Protein chains: 2
Amino acid sequence: MNIRFIINIFGRVLILLGLFMLTPIIWAFVYGEDTVGGILASSLITLAAGTVMYFGSLINLRKELGLRDSYFTVTFTWVVISLFGMLPYIFTGTIVGLPNIYFETVSGFTTTGSSILTDIESLPKSVLFWRSLTHWIGGMGIIVLVVAILPLLRIGGYNLFKNEASGISYEKLTPKTASTAKRLWGVYVALTFIMTAVLMFGEINLYDALNHAFSTMATGGFSTKNESVGAFSAYVQYVVTFFMFLAGVNFYLHYHFIKGRFKRVFSNVELRTYVTVILTVTIMIALVILYADHAPIEHAFRDALFQVISIITTTGFATYDYLQWPTPAWTLIFLLMFVGACVGSTGGGIKVIRHVVSFRNVVLHFKRMLHPNSVSLLKINGEVIDDEKVSSLITFLVLYLFTFISGSIIMVFLGTDTLTAVGAVAANLGGVGPGIGTVGPASNYYHIHDAGKIVLSFLMIIGRLELTTVIILFTSMFWDKYR
Amino acid sequence: MNIRFIINIFGRVLILLGLFMLTPIIWAFVYGEDTVGGILASSLITLAAGTVMYFGSLINLRKELGLRDSYFTVTFTWVVISLFGMLPYIFTGTIVGLPNIYFETVSGFTTTGSSILTDIESLPKSVLFWRSLTHWIGGMGIIVLVVAILPLLRIGGYNLFKNEASGISYEKLTPKTASTAKRLWGVYVALTFIMTAVLMFGEINLYDALNHAFSTMATGGFSTKNESVGAFSAYVQYVVTFFMFLAGVNFYLHYHFIKGRFKRVFSNVELRTYVTVILTVTIMIALVILYADHAPIEHAFRDALFQVISIITTTGFATYDYLQWPTPAWTLIFLLMFVGACVGSTGGGIKVIRHVVSFRNVVLHFKRMLHPNSVSLLKINGEVIDDEKVSSLITFLVLYLFTFISGSIIMVFLGTDTLTAVGAVAANLGGVGPGIGTVGPASNYYHIHDAGKIVLSFLMIIGRLELTTVIILFTSMFWDKYR
Ligand SMILES: [K+]
Ligand SMILES: [K+]
C-alpha cells in the first residue's frame with residue numbers, strides 16, 4: 001500500500017476543502033452573523049491538516065497507485081472530507097449530536113440531500129451556504145470520478161459507458177483525462193452561474209438563487225427553505241425543473257451540444273430513454289392527480305413534472321408532498337428512485353443506461369431462444385457490447401438490489417417500520433434524499449435511530465461510489481496478500 | 001405451426017385430466033354427497049373433448065414441434081387444463097362467478113394455492129378433493145416440464161441446471177427423457193403415499209391425510225381446513241414440515257438418495273444453501289418471536305420452522321398468521337417468497353441455485369476487479385459455467401423483478417393498496433399463495449377486484465412456466481414470419 005501517496009492525495013483534497021470553507025464567511029458578513037469565528041477555525045484546521053499531510057508525504061513520494069490503493073483512496077476521500085466537513089456545524093454549534101452532524105455532512109458531499117434539520121430556516125445563512133456548498137463540491141468530485149477514475153478501474157461497467165454508451169471514446173475527446181475533467185467542470189460551473197442568473201429574473205435573491213443553483217447542478221436537494229422549492233414562485237419552480245433535467249444529463253453530451261454536435265446528442269439512446277420515461281410518468285401522475293383532485297391542469301402538470309424530474313435525477317427537491325397523492329402516483333415516484341439519471345451526470349442511483357442495457361439483454365435472450373444457432377448481438381449507440389460487459393453491468397443491478405434489501409432488513413431490525421425502512425434505504429442508496437413512509441418530502445430524518453443514521457450515511461457513500469468501489473473493501477480477497 | 005400435433009397433445013392431456021376427474025366421485029359416495037352428477041358430467045365432457053381432439057388430429061399426423069410450437073404448447077397446455085378443470089366447480093355450483101372459478105383452478109394447477117374461498121369447510125368434500133387433486137396433477141406436469149421440456153428449450157438457464165447444477169448429465173441418468181420423467185414421477189407418487197401413511201399415525205383421517213399429501217408434495221398449499229395445517233396436532237405439523245422440505249428438494253437428488261449416492265446428494269451446493277437459509281431464517285424469526293412474546297420455546301421454534309419452510313418451498317400452508325408477528329419477522333417471510341425452493345422440485349419462484357450463481361457471479365466480478373489480467377471462472381458443483389450461461393440466468397432474475405414490479409403497478413392502479421399489491425404479486429408470481437397486507441395467511445383473495453384476479457391468475461402461469469416460456473408469446477418477434 002502506497003500510504004505516502006494516499007496521504008498526499010488526502011492532503012491536496014483537504015487544502016481545496018479548506019479554501020472552499022472560507023467562502024461562507026462572506027455571507028456571515030453580508031447577513032451580520034456571529035459564525036465567522038467558528039467557520040474560520042474550521043477552515044484553518046482543515047487547511048493545516050491538509051498542509052501537513054501534503055508536505056509531510058512529499059519526501060521520496062512515488063506517484064503510483066495500484067488497483068487496491070485506488071479503491072481504498074476513492075472511498076476514503078469521501079470519508080475524510082466528510083469528517084472535516086463536519087467542523088463548521090460543530091464550531092458554530094448549529095447542529096447537535098455527532099450522528100446528526102455526520103449524517104448531514106455525508107448527505108451533502110454525496111449529493112444525497114437527506115436532512116436531519118427540523119427547521120432549516122432557523123440556521124445561520126452562512127452555515128446553510130456551507131451546507132449547499134458541500135453538494136456543489138461533491139458534484140465536482142463526482143465528475144472527476146466518472147470521467148477519470150471509474151472507467152480506469154472498470155467499476156460498475158463504467159469502462160463500457162465511457163466508450164460506447166456515451167457515444168464517445170475518451171481518447172477522441174481529448175488526449176488527457178485531466179483536460180477532459182476540466183472541460184466538464186467548465187460546463188458544470190457555467191451551468192451553475194447561468195442558472196443563478198436565470199433564477200434571479202424571478203422573485204428570489206442572490207443568496208437563495210446561488211444556494212439552489214449549487215444544489216440543483218449537483219442533484220443534491222438541500223434547500224434554504226423549510227418548504228423547499230415550494231416556497232418560490234411558479235417561474236422559479238420551472239427554472240429549477242429545467243436545470244434539474246440538465247443536471248441529470250450526461251455532461252459529455254452538454255459538451256457536445258456546446259460544440260454544435262447536435263446529431264450526436266439527440267441520437268443518444270440514454271438521453272432519449274430518459275426523456276421518454278420523464279414524459280410518460282409525468283403524464284400518468286398528472287392524470288392520477290387530475291382524476292382524484294380536479295386541480296387546475298397547469299398546477300397538476302407542474303407538480304407532476306417537478307416531482308418526477310426531481311426524483312429521477314435524484315435531486316430530491318419538492319414543491320409538493322407526493323405522499324399526499326393517491327397511491328398509484330407515489331408508487332410510481334418510489335419506483336423512479338430506482339431509475340436514476342444518465343451516466344456521466346451528477347445524479348446517483350442505478351442510471352438509465354443500465355436499464356437500457358438490461359432491457360436489451362432480455363430482448364437478446366428472447367432472440368437466442370427463438371434462433372439458438374444464429375449470432376445475436378447487443379448494441380448501444382451502434383456499438384457491440386459483449387457478454388462479459390453485459391454480465392458486469394447486470395452484476396451491478398444484482399448488487400444494488402442486494403444492498404437495498406440488506407439495508408432494509410437492518411433498518412427494520414433497528415425498529416423502523418417497513419415502509420419507512422424501504423423508503424429511507426431506496427432514497428439514500430440512490431442519492432435521492434426524501435423517501436416514503438415517515439421520511440417523505442414533508443418530513444426529515446431527525447427521528448431515525450442514531451444507528452440507523454450511521455447505516456444510511458454508509459449507504460449514501462456506497463451508492464455514490466457505484467457500490468463495488470466500497471463493497472470490495474469489505475471482502476477478504478481485497479485484504480489477502482495486501483499490506 | 002403444427003396445429004395438428006398441438007391439438008393431438010391437448011387431446012392426450014385432456015383424456016388424462018378426464019380420468020383424474022373421476023376419482024372425486026369415490027369421495028362423493030363415501031360422504032354421501034350429491035355432487036356425483038356434476039363431477040361425472042365434467043369428466044365426460046373433458047373426456048369427450050380430449051377424445052375428439054386426439055382422434056381428429058391423427059390423420060397425416062407429423063410428430064414434430066418447432067421451438068415456437070413448443071413455447072406455445074407449454075403455455076396453452078396450462079390454459080386448456082385450467083379451462084376444463086373449472087367444470088367440476090361450475091357443475092356442482094360450489095363456487096360462484098367465473099373469475100373466482102378461474103382463479104381457483106389456475107391456482108390449483110400452477111400449485112400456487114391462493115384461494116378465493118372464505119369458508120373452505122362449507123364445500124363438499126368431493127369438490128375439495130378435486131381442488132387438492134389439481135395441485136397434484138400440476139405437480140406431475142411440473143416434473144415433466146423441468147425434466148424433459150425446459151432443458152431442451154434452454155429456458156431460464158434450465159439447460160444449465162440439468163447438467164451442472166444438479167450434478168447429473170441427463171444422458172448419464174438414463175438414455176430416454178420419458179424414462180427419467182417416469183422415475184421422478186415414481187419418487188413423487190411414492191413420497192405422496194408415504195406421507196399419507198406417516199400422517200395417519202397422527203390424529204387425522206385418510207381423507208384429510210391424502211388431501212394434504214397431494215398439496216404438500218406439489219408445494220400447492222390448498223387445505224381442507226379453514227385453519228390450514230393449524231387445525232391439526234403438533235405431530236401432523238412436524239410431518240407436514242418435513243415433507244414440505246422434501247418437496248422443495250431437487251427430485252433428481254431424491255432419486256440419487258434412493259440409489260445410495262449419498263455423497264452426491266450431500267455435496268450438492270443448492271441443497272446445502274437451501275438448508276442453511278432455512279436454518280438461519282428460522283432461528284432469526286424464532287428469536288424475534290421469543291423476544292416479543294415470551295412464547296414457549298418449542299412452540300416458537302415449530303411455528304417459525306413451519307412458516308419458513310412453507311414459504312421458501314412456496315407451499316403456502318400456515319399454522320400461524322405471520323402478519324401477527326413483529327415486523328422484522330414477517331419482513332423476512334416476505335423476502336423468502338423471492339428465494340424459492342430448489343430447481344427440479346415442484347416449488348416455484350426464483351429458486352436457490354439462481355441466487356447461488358448470482359452471488360458467485362458478484363464474487364467473480366470482484367476477483368476480476370482485483371486481478372483484471374488473470375482468468376477467473378465461475379464453478380457450480382465443480383463445473384465451469386460460462387459468461388453466456390450466467391447472463392441467461394441473471395436475465396431471468398431481471399425479468400422476474402420486472403414482472404413483479406409491472407404486476408404490482410397494475411394491481412395498485414386497479415385500486416389495491418401498495419402492501420397488498422406487492423404481497424399478492426410476490427405470492428402469486430412465486431407460486432406461494434398467501435401474501436402480505438390483506439391477502440395474508442388468515443385471509444383470502446375473495447375481495448380482490450375481478451380484473452385483479454385475472455391479472456394474478458396470469459402471473460401464476462407466468463411464474464410457474466419460468467417466465468420466458470409465456471412472455472415470449474407476447475413479443476412481436478415470436479409472431480414474425482410464424483404461421
Ligand atoms: K439528492
Ligand atoms: K403454493
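The values are calculated or read from the model by the stated rules, or taken from the named source; none is laboratory data. Keep in mind the model is a prediction, meaning the values are calculated, not measured. All Cβ positions, even for glycine, are placed from backbone atoms using ideal geometry, and neighbour counts span all protein chains on display.
Among the residues here, A:T395 qualifies as touching a His at 6+ places or on another chain (Cβ under 6 Å) and either part of a helix (DSSP H, G or I) or of a type in the set (F, W, Y) (or both).
Taken as a whole, the condition of being modelled with pLDDT under 95, touching a helix residue (DSSP H, G or I) at 6+ places or on another chain (Cβ under 8 Å) and of a type in the set (F, W, Y) does not apply to B:F109.
Taken as a whole, the structure places A:I350 among residues that are buried (at least 17 other Cβ atoms within 10 Å of the Cβ), part of a loop (DSSP other than H, G, I, E, B) and either small (G, A, S) or modelled with pLDDT of 90 or more (or both).
Looking across the range B:38-72 at every residue that is assigned to a helix (DSSP H, G or I) and within 14 Å of chain A (Cβ to nearest Cβ), the one that is nearest to B:F478 (Cα to Cα) is identified as B:R68. Evaluating B:A426 against the criteria (1) at pLDDT below 95; (2) within 16 Å of ligand 2 (Cβ to nearest atom) leaves one unmet condition, (1). Sub-7 Å Cβ pairs linking a first residue in the range B:220-231 that is away from every other protein chain (no Cβ under 14 Å) and part of a loop (DSSP other than H, G, I, E, B) to a second residue that is away from ligand 1 (no atom under 16 Å from the Cβ) and of a type in the set (K, R), at least 6 apart or interchain, are B:F222/B:R131, ordered by first then second residue.
In the set A:A318, A:A286, A:A300, A:A295, only one residue is of a type outside the set (D, E), assigned to a loop (DSSP other than H, G, I, E, B) and farther than 18 Å from A:G440 by Cβ; that residue is A:A295.
Within the range B:429-447, the set of residues being away from every other protein chain (no Cβ under 14 Å), within 12 Å of ligand 2 (Cβ to nearest atom) and either β-branched (V, I, T) or in a loop (DSSP other than H, G, I, E, B) (or both) comprises B:G430, B:G431, B:V432, B:G433, B:P434, B:P441. Comparison of A:Y235, A:Y274, A:Y291 shows that the only residue that is modelled with pLDDT of 95 or more and more than 22 Å from the chain's Cα centre (by Cα) is A:Y235.
Of the numbered criteria (1) outside any loop (DSSP other than H, G, I, E, B); (2) crowded, with 16+ Cβ neighbours inside 10 Å, the one B:A451 fails is (2). Of the residues making up the range A:90-126, those that are buried (at least 24 other Cβ atoms within 10 Å of the Cβ) and either on the phi > 0 side of the Ramachandran plot or in a helix (DSSP H, G or I) (or both) are A:T92, A:F103, A:E104, A:T105, A:V106, A:S107, A:G108, A:F109, A:T111, A:G113, A:S126. Considering only the range A:418-425, I want to know if a residue exists there that is more than 14 Å from chain B (Cβ to nearest Cβ), among the hydrophobic types (A, V, I, L, M, F, W, C), assigned to a helix (DSSP H, G or I) and farther than 13 Å from A:G316 by Cα. No, the range A:418-425 contains no residue that is more than 14 Å from chain B (Cβ to nearest Cβ), among the hydrophobic types (A, V, I, L, M, F, W, C), assigned to a helix (DSSP H, G or I) and farther than 13 Å from A:G316 by Cα. Sort out which residues of the range B:16-30 are touching a Ser or Thr at 6+ places or on another chain (Cβ under 6 Å) and assigned to a helix (DSSP H, G or I), and write them in order of number. Listed by number, the residues that qualify are B:L17, B:G18, B:P24, B:W27, B:A28.
Among the residues of the range A:358-377, those identified as more than 7 Å from chain B (Cβ to nearest Cβ) and either in contact with a strand residue (DSSP E or B) (Cβ under 8 Å, 6 or more places away or on another chain) or assigned to a helix (DSSP H, G or I) (or both) are A:F359, A:R360, A:V363, A:L364, A:R368, A:L377.
If the condition is being buried (at least 24 other Cβ atoms within 10 Å of the Cβ) and either touching a residue at least 24 places away in the same chain (Cβ under 8 Å) or among the acidic types (D, E) (or both), then the range B:408-421 contributes B:M411, B:T416.
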